[in-house]
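The values are calculated or read from the model by the stated rules, or taken from the named source; none is laboratory data. Since the model is a prediction, treat every value here as computed from it, not as a measurement. Cβ sites come from the backbone with ideal geometry, for glycine too, and all protein chains shown count toward neighbours.
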Amino acid sequence: PVTETRERNKETNEWEEGKILAENAWLLRPGECYLGSTNEIVGSPYFITQLSGKSTTGRYFLEIHVTAGFGDLGFMGHWTLEMTVTKPTIIYPNMKVAQVAFFDPHGPIDMLYPGGYSNTEPTPIAGRPGNV
């Protein structure tokens, strides 16, 4: 099954045929924010993690996080993706959009992440009052 999108031409205000999307494809539009989630559970009690977009993702003008690019020591879970685009972009389930780096902490470790956003379910977690 496919989905056909229609776009309104800004100059003529007429509807035009858009792209045909495969089942489960998402058309992301500029000016909107989308929450997603990684398939993988990522984190470590020994390393600081950093999530960033892949170079291919950048060429699609897809940003995968707004501010939450680092994982605290002890965080373990599915990462919530805060996605935005600068031009209409189609994404698909299981599309590889991010990469993770692990960094060695220096100095004593006083405590591990207490768990306010730990997420073992692949469901995006929106911001919560009190966790800011």
Scan the stretch 56-67 and report the pairs whose first residue is without any contact (Cβ under 8 Å) to a residue 40 or more places away in the chain and whose second residue is surrounded by 14 or more Cβ atoms within 10 Å (Cβ to Cβ) and assigned to a loop (DSSP other than H, G, I, E, B), with Cβ atoms within less than 6 Å and a gap of 6+ or a chain change.
Ile64/Val97
Residues satisfying the stated conditions in the stretch 59-84, i.e. among the aromatic types (Phe, Trp, Tyr) and either touching a His at 6+ places or on another chain (Cβ under 6 Å) or surrounded by fewer than 18 Cβ atoms within 10 Å (Cβ to Cβ) (or both)
Phe61, Phe70
Which of the residues belonging to the stretch 85-121 are modelled with pLDDT of 80 or more, hydroxyl-bearing (Ser, Thr, Tyr) and surrounded by 13 or more Cβ atoms within 10 Å (Cβ to Cβ)?
Thr89
What single numbered condition from (1) of a type outside the set (A, V, I, L, M); (2) at pLDDT 80 or above; (3) farther than 25 Å from Pro108 by Cβ fails to hold for Gly77?
(3)
